[in-house]
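Just so it is clear, none of the values below were taken in a lab; they were calculated from the coordinates. The model shown is predicted, which means the values in this text are computed figures rather than measured ones. Cβ: placed from backbone, ideal geometry, glycine included. Neighbour counts: every protein chain shown.
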Amino acid sequence: MLLILMSGIPVLAQSTAADRFKKRLDGAWVKKEKDGSSTIINYNESSNDIIMFSDAQRVQEVYLCSQFSPTLKENTWYLLGTNDMVPFIRMNITVRLESEDVCYFTVREEGIKNEGVIWTGQYNRMTEYGEKKAPKEEKQFVLDGTYGNDTMTLTFSKNHFTLTDEKGIHSGLAALYDFEDISILELRFLGKEGKLESLLQYKFDHSITENDDSIIVEISMLPGKIKIHGFKPSGEPKLVLTQKIAKEKAE
């Protein structure tokens, strides 16, 4: 951001403490529930709003943030969230950044004594395609670039995806994470103002093969839903898409 002095010389405006905290908070945070579902809080620095999503309760709420102010506790800020659909519903939200990857949210509806709000708890920062996990011997597969078949293309960039098929172009957020002994790919299709339009879950597998000049990455996506007793296929056909990467580019 530029400011113009009376002399006409432009200078950069210094960021405030609130600006720096918002930048650190920016992004998606996930809390793993006891039933295996996930609760996600996504703070968008540019639009200054918070999207809260619960897998278990199939609930998504969007709040516009205001009164962003520090508290007496270190790395802890208070903000007021106003529901974008029902303005008289407001949430008092306290955010404590315990580290770059761990955040504690305390969320209470204004005017109501509710200590057990589902959004309250400790969250881990989401990585590009899933939850923050302890290091493993095997490196976790990361989706990146464009995969396709005869009827569709699916492009991943950080935690976003764009899907193009005969119905048009769709986009949203993607998450790849482990569930029991399988991998799950979630595609959250977003509409205007970041509102959730639909959520699709797939059992995810991949394979990598090489030839003299390229690397072939094949991904398979079996549609279904995570139920109480595990993943249940929907009966729809499995999607198989491939990506060809030139070895020079891969190196």
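For the range 25-108, the square roots a ≥ b ≥ c of the C-alpha gyration tensor eigenvalues yield an a/c of 1.5 or more together with a/b not exceeding b/c, which makes the shape oblate.
Report the gain in length on full extension from Lys238 to Phe141: 0.36 nm times residue separation, minus Cα-Cα distance, nm rounded to one decimal.
Details: separation 97, 0.36 × 97 = 34.92 nm, distance 1.95 nm.
Between Lys238 and Phe141, full extension yields 33.0 nm more.
Between the alpha-carbon centres of the range 86-114 and the range 201-240 there is a gap of 36 Å.
Based on other C-beta atoms within 10 Å, arrange Val217, Val240 from fewest to most. Spell out each step's value before the answer.
Details: Val217 20, Val240 13.
Lowest to highest Cβ neighbour count: Val240, Val217.
Remark: for residue pairs Lys23/Lys192; Lys32/Lys73; Lys32/Lys225; Lys158/Lys238, the C-alpha separation exceeds 21 Å in Lys23/Lys192; Lys32/Lys73; Lys158/Lys238. Rounded, prolate or oblate, given the Cα gyration tensor of the range 145-250, with a/c below 1.5 counting as rounded? The shape class here is oblate.
For the range 145-250, give the magnitude of the charge dipole about the Cα centre (Cβ charges: +1 Lys/Arg, -1 Asp/Glu; no others), in debye to the nearest 20.
Details: 13 positive and 16 negative charges, 98 e Å.
Computed charge dipole of the range 145-250: roughly 460 debye.
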